[in-house]
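FYI, it's all coordinate maths here, none of it is from the lab. Here the structure is a predicted model, which is why all the values come from computation and not from measurement. So basically every Cβ, Gly included, is an ideal-geometry build from the backbone, and we count neighbours across all protein chains shown.
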C-alpha cells in the first residue's frame, strides 16, 4: 500500500511522490529508491553468499591440511615408539636398527623442509644501507626467496 509524501532517502529530491515501505530498512521511500534498496540488498546477499562459500572452501582446505599433519605426527610417533622398543630390546638386529634409523632420519629431513626461518639483519648490516627496504631487496632473489650466504 502506498502513501503520498516526501521520500526519506537522503539522495532523493524534495518532491511529493508515491511512497512505499522498504522491507529491507523499513524506511518510507519512493519507487526508484525502493527498487534501488532491493537491488542493494540482493547484491549484499550475493556478496555474503560468495564470502560464505569462500570461507567454507578455505575451512575445508585447512581441515585437510590439519588432518594430513595429524596423520604425519601419528606415523612419526609410531617411528619413535618402534625406535625405543628396538633400543630396549637386547636381541635387536643391526638391520632392524639401521632400518628404523633411516626411517626416522628421513622423517626428520622431511620436517626440516617444512620449517620457515625468519631472518632479520644485524644492526651493523643495516648501517651501510640507506633504507631497510634496500638491504632486504639485495638479499632477495628474483623468485622472492631470501638468499643465504656462507662466509
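The single residue among 69, 21, 17, 45 that is under 30 Å from residue 113 (Cα atoms) and either surrounded by 10 or more Cβ atoms within 10 Å (Cβ to Cβ) or in contact with a helix residue (DSSP H, G or I) (Cβ under 9 Å, 6 or more places away or on another chain) (or both) turns out to be 69.
Only residues that are exposed (fewer than 10 other Cβ atoms within 10 Å of the Cβ) and closer than 20 Å to residue 42 by Cβ were counted across the range 1-14, and they come to 1.
Condition check ((1) on the phi < 0 side of the Ramachandran plot; (2) touching a strand residue (DSSP E or B) at 6+ places or on another chain (Cβ under 8 Å)) across all residues:
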| site | (1), (2) |
| --- | --- |
| 22 | yes, yes |
| 26 | no, no |
| 44 | yes, no |
| 70 | yes, no |
| 83 | yes, no |
| 92 | yes, no |
